[in-house]
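The values are calculated or read from the model by the stated rules, or taken from the named source; none is laboratory data. Since we're looking at a predicted model, the values are computed, not measured. With ideal geometry, Cβ positions are generated from the backbone for all residues, glycine too; neighbour counts draw on all protein chains shown. What goes into the accessible areas is simple: the full protein's heavy atoms, side chains included, and nothing from ligands, DNA or RNA. Shrake-Rupley method; radii C 1.70, N 1.55, O 1.52, S 1.80 Å.
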Amino acid sequence: MNNPAVICHKVDKTFQQGELAVHALSGVDLEIASGGFVCLSGPSGSGKTTLLNMIGGLDRPSGGEITVADLRIDRMRMSELAELRLHHIGFVFQAYNLIPVLNARENVEFVMQLQGVAAAKRHALAMDILEEVGLKGMEERRPGELSGGQQQRVAVARAIVSKPALILADEPTANLDSATAEKLMQQMRDLNTHIGTTFVISTHDKLVMSYAKRLIKLHDGKIVDDIAQQ
Amino acid sequence: MTNTTTLLAWRNIWRHPRRTLLTIAAMVFADVLLIFMLGLQLGQYRMMIDNSLAIFTGQMQVQADGYNDEPYMYRTIPAADALAEDIRARTQLEAVATRGYGFALVSSETRTLGAQISGVDPQFEPRVSTLPGLIKQGRYLDGKADNEIVIGSTLARNLRIEPGDELTILGSGRDGSMAATVTPVVGIYESGNRDMDRMMLSMPLDTFRDVFSMGDTAHSIVIGGERERADRIATGAQAALADKDSLVLLDWETLMPGLKQAIQADFTSAWFMYAVLIILVAFGMLNTMLMSVLERTHEFGILLALGVGHGKLGRMIVTESAVLATTGMLIGILIGAVVVGYYLVNGFTYPGMEAMGERFNIPSVLRPEVSLRSLLPGPLAVFLATMLASLYPILHMRKLRPTEALQAV
């Protein structure tokens, strides 16, 4: 049996706002199996994005332990976290977060280029994945020349092209119309089913939640519900 | 293959073409200004040195060891004319002239003043000195008459004499005997050098030797020629001195340390002005790079999230600065070279320079120096200052955390 993709043990995160300490996460215990398709839901300020950032090594917990790909990331240096993100984790952000000076293909190739994949191979992979997400013919367009839905599909393509073990998505459908959102979720779920990529998605969207195999509800920085779904 | 940071750096540079072009233009302007000013300054120094040396000192001199520091009459060059001839043969240079120097009281009908007497060879002196061409009244020594003298304009005015008047010279000879003669003034020169015009007289070397009991000796053998050939000439002259331990060959820097120091002092103060210009450009560059970094904080957050390390981001900023600085430097050097090249061919002049040139027998146009030392230091300094200016944005960027950066608008 595979080791869990993510383990959080008594994870706390406190933000200091002036003299006020805001507890974004309090004693979160969580284990996500490899190949899971997990949704984090909850109202704004419940700690979904904070938890996602902790798992992705974008931020450090104030307390507790986080293990990703069998590595204790709460103890890692910034450079080690960058390496982990580059090789093991894909990100899909709510605001697309494409690099504006690169076109769609170059954005998709970017991570592979950092990983040292040969130019011809990454070019071919980028073209294939863009076709898969329905952006054939738009490869040379820069983000500013694409619609929100198209940009998000480029972001998903960028996240999945190098087949990372874990993909973290923060409100991936927030800026998409329902048809595009449905299509995007279908693609993510296919990837999960066929390749076994683990997905952890924070969302308010009921559509996204309906695709989840497991739904974790957060409130005031604590897990209040954990439901397995079909 | 274009690597990731280079590609991103290049695209970022051209994200705001107008800003990039203005930044490069500022560097090019500073480079051209520095090249022009430095070239002109070095050209001016060259002209100053050449003019100073051409009047009387020459490019180098052979003297008895110690004479330059303590010019006693007895410190002489034996068989000086033969040695001068040997130097002419070895250096294949006609601009080699023998001289003697003495100090004496010089009296006109109404006044007596102290002065330096130079014994010069009328045949060769015009080849090492421009003084013969600076006669304002009368004529220079023509070598036909033994007993005649030319005198500086200020000294002539102080003694209240004119060409045709006689001077009585009273001094001490090389052997300690009395040196005395009465000699007619045939010409008055105006060199533009205050000390020479106020203190110096020239008479034929043979007469000088007779009056000052010099025998066949002299105090210096002055060697002229072009400064570019100085090393080769010095080699020939040194060969002629090979078996003469008591003689030394002195270059112009030893002969005129004051001139060298004045140039160094002027050069140092000029660099303060250049430094101000360079610092201004560096601050302009710092402003550009800092703006460019701050406005991309969110993007840096994306890159950090995707797994780009801080080191790679730093390299990207350095690459952007290096591309801007190198482009500015290369264009600056190119345009700067064209500008100074133009003035090298056509000369640079300012009001009054022509009249001054005519008056003092010096070139009436200034030609900037076109060399590596005039073309490179300014642009290299701007380049280095620009690269240093990129360090601050890098330090700022190194503190960025991915989540904070991603929240930036």
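Among the residues of segment B:368-401, those identified as at pLDDT below 90 and more than 22 Å from B:Val276 (Cα to Cα) are B:Ile394, B:Leu395, B:His396, B:Met397, B:Arg398, B:Lys399, B:Leu400, B:Arg401.
Among the numbered conditions (1) part of a helix (DSSP H, G or I); (2) closer than 30 Å to B:Met196 by Cβ, the only one that B:Met37 does not meet is (2). Of all residues in segment B:175-199, which are closer than 26 Å to B:Lys144 by Cβ and outside any strand (DSSP E or B)? Matches in segment B:175-199: B:Glu190, B:Ser191, B:Met196, B:Asp197. Of note, A:Ile195 does not satisfy the criterion of being at pLDDT 95 or above and under 17 Å from the mean Cα position of the chain (by Cα). Residue-level check: of (1) over 32 Å from the mean Cα position of the chain (by Cα); (2) closer than 27 Å to B:Glu226 by Cα, B:Asn158 misses just (2).
Among the candidates B:Val338, B:Val365, the residue that is surrounded by fewer than 17 Cβ atoms within 10 Å (Cβ to Cβ), within 30 Å of B:Leu134 (Cβ to Cβ) and of a type in the set (Val, Ile, Thr) is uniquely B:Val365. Against the test of being touching a residue at least 24 places away in the same chain (Cβ under 8 Å) and among the hydroxyl-bearing types (Ser, Thr, Tyr), the options B:Thr327, B:Thr349 yield a single qualifying residue, B:Thr327. Tell me which residues, restricted to segment A:49-61, are farther than 14 Å from A:Gly27 by Cα, buried (at least 23 other Cβ atoms within 10 Å of the Cβ) and more than 9 Å from chain B (Cβ to nearest Cβ). Residue satisfying the conditions is A:Ile55 alone. Look through segment B:3-62, keep the residues that are more than 14 Å from chain A (Cβ to nearest Cβ) and charged (D, E, K, R), and return whichever of them is surrounded by the fewest Cβ atoms within 10 Å (Cβ to Cβ). Ranking the qualifying residues of segment B:3-62, first place goes to B:Arg18.
Can you say whether B:Leu201 is outside the structural domain of B:Ala84 (by TED's automatic domain parsing) and either touching a residue at least 40 places away in the same chain (Cβ under 8 Å) or touching an Asp or Glu at 6+ places or on another chain (Cβ under 8 Å) (or both), as far as the supplied structure shows? Spell out how you get there, then give the answer.
Working: outside the structural domain of B:Ala84 (by TED's automatic domain parsing): no; either touching a residue at least 40 places away in the same chain (Cβ under 8 Å) or touching an Asp or Glu at 6+ places or on another chain (Cβ under 8 Å) (or both): yes.
Answer is no for this residue.
Scanning segment A:89-117 for residues that are open to solvent by 40 Å² or more (accessible area, probe 1.4 Å) and within 9 Å of another protein chain (Cβ to nearest Cβ) yields a total of 3.
Condition (residue is under 23 Å from A:Met54 (Cβ atoms) and either free of Cβ contacts under 8 Å to residues at least 12 places away in the same chain or open to solvent by 50 Å² or more (accessible area, probe 1.4 Å) (or both)) applied to segment A:134-154: is it met by at least one residue? Show your work before the answer.
To start, the set of residues in segment A:134-154 that are under 23 Å from A:Met54 (Cβ atoms) comprises none.
Within segment A:134-154, none of the residues are under 23 Å from A:Met54 (Cβ atoms) and either free of Cβ contacts under 8 Å to residues at least 12 places away in the same chain or open to solvent by 50 Å² or more (accessible area, probe 1.4 Å) (or both).
So, B:Thr5, is that one assigned to a helix (DSSP H, G or I) and not acidic (Asp, Glu) or not? Considered against the rule, which asks whether it is assigned to a helix (DSSP H, G or I) and not acidic (Asp, Glu), B:Thr5 comes out as yes.
Checking each residue in segment A:84-110 for being assigned to a helix (DSSP H, G or I) and within 16 Å of the chain's Cα centre (by Cα) picks out A:Leu84, A:Arg85, A:Leu86, A:His87, A:His88, A:Val108.
Does B:Gly352 satisfy the condition of being open to solvent by 40 Å² or more (accessible area, probe 1.4 Å), at positive phi and away from every other protein chain (no Cβ under 14 Å)? Here the answer is yes, as B:Gly352 does meet what is asked.
Yes or no: B:Val150 in a strand (DSSP E or B) and open to solvent by less than 10 Å² (accessible area, probe 1.4 Å)? Here the answer is yes, as B:Val150 does meet what is asked. Counting only helices (runs of 4 or more DSSP H) wholly contained in segment B:230-331, the ones carrying 1 or more residues that are under 30 Å from A:Ser79 (Cβ atoms) and open to solvent by less than 60 Å² (accessible area, probe 1.4 Å) occupy B:257-294, B:297-306. Can you tell me how many residues within segment A:62-83 are assigned to a helix (DSSP H, G or I), open to solvent by less than 30 Å² (accessible area, probe 1.4 Å) and more than 8 Å from chain B (Cβ to nearest Cβ)? The qualifying residues number 2. Listed by position, the strands (runs of 3 or more DSSP E) enclosed by segment A:172-230 that each have at least 1 residues that are open to solvent by less than 30 Å² (accessible area, probe 1.4 Å) are A:198-203, A:214-219.
Hey, any hits in segment B:398-406 for a residue that's open to solvent by 30 Å² or more (accessible area, probe 1.4 Å) and away from every other protein chain (no Cβ under 14 Å)? For segment B:398-406, residues open to solvent by 30 Å² or more (accessible area, probe 1.4 Å) and away from every other protein chain (no Cβ under 14 Å): absent.
For segment B:300-312, residues that are under 19 Å from B:Tyr392 (Cβ atoms) and facing chain A (nearest Cβ under 9 Å) total 3.
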